[in-house]
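The values are calculated or read from the model by the stated rules, or taken from the named source; none is laboratory data. Only a predicted model underlies this, so the values are computations on that prediction, with no experimental measurement involved. When we count neighbours, we look across all protein chains shown, and the Cβ atoms used for this are built from the backbone with ideal geometry, even at glycine. Just the protein is used for accessible areas: all its heavy atoms, side chains included, with ligands, DNA and RNA removed. Shrake-Rupley method; radii C 1.70, N 1.55, O 1.52, S 1.80 Å.
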Amino acid sequence: MFSRGRLPAAFALALIVGLSAPARAESDPGVVLPSPAVVTVHAMPLGSVSLDRPVMVRVFDDAPANQRLKVWVEKALKARGVRLGGADAPLVLDIDTSAANAPGRPPADTAPVLLRGQAGTGRGGEDAVAVGLRVFSNTQASVLGGVREAPVPAVAGPDIRVDLGLSDRVNGRRLWLGWATAKVENLADGDRLLLVAAPLAAELGSATRGKSVTIPAGTLAAP
């Protein structure tokens, strides 16, 4: 039992200890999948990729869902042994989720005008766009046959896509590109983005084409 004279000192000591103790970080509840989801990953090196240097991960949009995705990607990278760095890290990994909320494109045969694009190589090559016109067709939209009905594009539907790009900070050269798509029903938009975090992080620096990863139904924990 504390004496009357020592009680204030003991209380002050307890208060100091309580204030100095680090706050307990809230754990991520993960994602509950009502059904299995299939993630398809594509990746391609554009230069010499060496992951023995620290990598800074950043997002173009700092919305809460994107910040959470960034944490998942960072955890997945650390799990495979990639060193993370701050603002001065020599490698920068950008996360782009803009395609996840882009309207779906209608089928090409619903309009008589045809557009084809080609990106330049970056070494003197220029972007090119070719325009064509379908005059008549009895199966596709055409000038004489009319425009076929197309469904209204859905925004933020069940299909998502996340793009990653690894660059050298010194010269800004893009070293690697990776993107993943997934389709899942009855899942919040922010949770859907997290499905591709680990599959994309696993392919950082490598080359792959159409690799499918099946995530079983149930709780998907943070990496």
Calculate the FRET efficiency for ASP28 and ASN171 from the Cβ-Cβ distance with a Förster distance of 30 Å, rounded to the nearest 0.05.
0.25
Want the number for VAL49 to ALA188: 0.36 nm per residue separation, take away the alpha-carbon distance, what's left?
46.6 nm
Counting only residues 5 or more places away or on other chains, whose amide H sits under 5 Å from the amide H of GLY218 once H atoms are built in the peptide plane?
LEU33, SER35
If you count only protein heavy atoms and use a 1.4 Å probe, how large is the accessible surface of GLU185, to the nearest 10 Å²?
100 Å²
Difference of contour (0.36 nm per residue) and Cα-Cα distance, ASP96 to ALA221:
42.8 nm
Please give, to one decimal in nm, the separation of the simple spin-label points placed at LYS75 and ARG209, each 7 Å out from Cα toward the Cβ.
3.4 nm
Counting only residues 5 or more apart in sequence or on a different chain, those whose built amide H sits under 5 Å from that of VAL59 are ILE95
Residues whose placed amide H lies under 5 Å from that of ASP159, excluding near-sequence neighbours
none
